1. Of all residues in the stretch B:228-254 being in contact (Cβ under 8 Å) with a residue 12 or more places away in the chain and in a loop (DSSP other than H, G, I, E, B), which is surrounded by the fewest Cβ atoms within 10 Å (Cβ to Cβ)?
2. Identify, please: which residue in the stretch B:207-227 is surrounded by fewer than 22 Cβ atoms within 10 Å (Cβ to Cβ) and of a type in the set (S, T, N, Q) and is, among those, modelled with the highest pLDDT?
3. Can you go through B:R65, B:R56, B:R60 and tell me which one is within 14 Å of chain A (Cβ to nearest Cβ) and either without any contact (Cβ under 8 Å) to a residue 12 or more places away in the chain or surrounded by fewer than 16 Cβ atoms within 10 Å (Cβ to Cβ) (or both)?
4. Hey, does the stretch B:114-132 have a residue that's touching a residue at least 24 places away in the same chain (Cβ under 8 Å), part of a helix (DSSP H, G or I) and closer than 20 Å to B:N58 by Cα?
5. Pairs only if they're at least six apart or on different chains, beta carbon under 7 angstrom, first in the stretch A:167-182 and outside the structural domain of A:V107 (by TED's automatic domain parsing), second surrounded by fewer than 24 Cβ atoms within 10 Å (Cβ to Cβ); list them, first residue then second.
6. Assess whether B:V91 counts as being at pLDDT 90 or above, at the interface with chain A (Cβ under 9 Å from one of its Cβ atoms), under 23 Å from B:S183 (Cα atoms) and surrounded by 22 or more Cβ atoms within 10 Å (Cβ to Cβ).
7. I'm trying to understand the selection: among the residues of the stretch B:117-130, which are modelled with pLDDT of 90 or more and either under 24 Å from the mean Cα position of the chain (by Cα) or within 13 Å of chain A (Cβ to nearest Cβ) (or both)?
8. Go through the stretch A:105-149 and count every residue that is β-branched (V, I, T) and either surrounded by 14 or more Cβ atoms within 10 Å (Cβ to Cβ) or in contact (Cβ under 8 Å) with a residue 60 or more places away in the chain (or both).
Amino acid sequence: MSAVPLTPGGAAAERRPTRSTLSLLGERVIEALIKLSGVSAVIFVVAIFFFIFREAAPVLWSKDFHILEFLFSTEWYPTSVSNVRYGTLALTVGTLSVTAVAIVLAVPFGLGAAIFVSEFCSPKLKETLKIVIELLAAIPSVVWGFVGLTVMSKIIVTLTGTAVGVNLLNGGVILALMSVPIIVSIGEDALRAVPDSYREAAVALGATRWQTVYRVLLPAAKNGLLAAVLLGVGRAVGETMAVLMATGHAVHIPDGLLNSVRTLTANVAAELGEAPAGSSHYRVLFLTGVLLFWITMVVNVAADLVVRGIRRK
Amino acid sequence: MSGPGELSIITRGLNLYYGAFQALSDISVGIRRGLITSMIGPSGCGKTTLLRCFNRVNERYDYVRTTGEIIVLGRNIYDPDVSLIELRKSVGMVFQRPNPLPVSVYENVVFGLRIHSDRSALKRADLDVAVEKALTEVGLWKDLRDRLKVKATTLQLEQQQKLCIARLLPLKPEVILMDEPCSALDVEGTRGIEELMFELKGRYTIVIVTHNMAQARRASDESIFMLMGKLVEHAPTEDLFLNPKNPKTLEYIEGRYG
């Protein structure tokens with residue numbers, strides 16, 4: 001291609017009268033904008049990590065702080081006057097345990113619902129269900145927090161006889177309810193993307209509907225279904241407001257479903273407002289953000305490797 | 001026409017509606033056992049629809065309504081006590097685009113056995129024998145014996161289509177329905193499938209829908225010509241192509257429409 005003329009009436013423009021200089025320039029601008037929005041995601045991630053780390057970094061060299069204590073101690077006393085301790089192990093365990101409970105509840109329900117919506121129900125019911133499920137996904141997390149605080153906590157107290165209804169189980173159930181719509185809608189997409197010829201092949205061989213599902217559709221859609229589960233898990237790990245309200249917010253490694261816990265996210269949300277800017281406490285909270293960042297990154301990379309491993313088979 | 005003992009499939013007064021649209025009207029036909037019968041006709045004439053009636057795979061769509069009788073291997077397949085699963089075991093189907101399942105070659109061949117028997121009844125050695133037998137019958141064993149673990153969707157199209165035929169065989173079908181089995185294949189692939197059809201003829205009743213009149217002519221014993229949902233002519237292939245009784249058949253095989 002010849003050089004783009006920059007001045008109107010240039011020799012190149014005369015040779016190509018159908019395209020004005022302006023439209024050529026416009027095309028370049030649009031191309032540049034698209035490229036920019038493409039790389040912006042990378043820029044944002046790097047920038048977010050950079051700024052969070054910049055706020056957190058000074059505490060790494062402070063005398064109150066030991067990285068091993070931060071990672072492996074359960075003692076979280078950020079406002080103690082005599083002996084400040086910043087141990088986040090109980091918070092990490094809190095996050096992981098709430099997430100685990102949520103996964104155990106949400107994955108079977110979510111995948112089951114996705115299979116039902118995509119393969120078993122009538123077209124009319126399917127439309128209705130999809131709309132309701134999407135509505136469920138649109139409920140703000142603070143509303144889920146209310147549900148956990150009032151409705152779910154009463155149910156748990158009545159059913160189990162425990163003293164406090166806001167606990168690990170409550171948070172897990174609420175997070176599961178929040179993750180299910182994501183798992184259903186992405187899982188349903190994955191199942192719908194399986195070519196109909198596979199279903200036809202199985203049916204013509206005399207397979208029942210259920211045999212078609214578990215022998216043909218689940219293997220064929222496993223990548224998409226895994227993605228659905230991981231996005232659901234991602235929501236559970238990062239969720240803040242609902243778990244802040246539903247888990248009871250006690251810094252403590254849980255020894256049962258009915259213990260109160262506190263998660264990394266909820267801890268940041270609750271304490272950042274009170275921590276004086278620039279103090280060690282403030283910086284440790286930012287460091288907690290860095291820790292969360294790493295946890296989600298490890299989950300994502302692991303998921304990516306798993307998906308690739310499956311694809312290679 | 002020969003006696004009913006030699007007929008694999010008989011239909012009597014068969015009508016089929018897609019919603020309000022009548023796709024087949026008053027089809028009465030007898031398809032002879034052990035022969036290759038081709039169904040020809042222009043697009044939309046109902047030949048594929050008719051083929052898909054024979055194993056009731058049309059019923060996947062709930063807006064399909066069928067009236068009349070279809071007798072396969074001596075039983076009306078619309079009788080309430082007929083098991084769809086048994087019917088589909090004895091009437092296998094091959095589709096227009098090869099549709100091996102996205103699992104290994106081995107698992108494709110034993111798929112039918114797995115879904116139709118208890119897990120405990122399946123011994124690895126029996127499955128191995130079934131795979132070798134089925135793949136040998138379709139002429140794939142030599143090429144694939146060392147690649148049984150390969151994902152079936154990565155094979156060449158011709159091999160995929162042969163595999164789709166092979167996976168019917170462990171269920172010991174009596175009838176094999178083929179819906180334009182060569183339309184996705186090149187000349188070599190088409191020849192391969194046609195040669196395989198000749199190999200299978202006699203042991204199985206084969207019904208093939210084809211757009212390709214030359215294929216019907218060289219590969220089938222009897223031909224059925226359909227038009228607008230009606231059966232126009234059914235005769236030995238040679239007669240249908242050389243001395244068609246119906247002027248519409250003549251016009252179609254001469255290529256005046258279609």
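1. Here the answer is B:K245.
2. B:Q215
3. B:R60
4. No, there is no match, as no residue in the stretch B:114-132 is touching a residue at least 24 places away in the same chain (Cβ under 8 Å), part of a helix (DSSP H, G or I) and closer than 20 Å to B:N58 by Cα.
5. Pairs that qualify, where the first residue is outside the structural domain of A:V107 (by TED's automatic domain parsing) and the partner is surrounded by fewer than 24 Cβ atoms within 10 Å (Cβ to Cβ): there are none.
6. yes
7. Hit for the stretch B:117-130 is B:A130, nothing else.
8. Adding up the residues that qualify gives 7.
The values are calculated or read from the model by the stated rules, or taken from the named source; none is laboratory data. The structure presented is a predicted model; accordingly, all values stated were derived computationally and were not measured. Cβ sites come from the backbone with ideal geometry, for glycine too, and all protein chains shown count toward neighbours.
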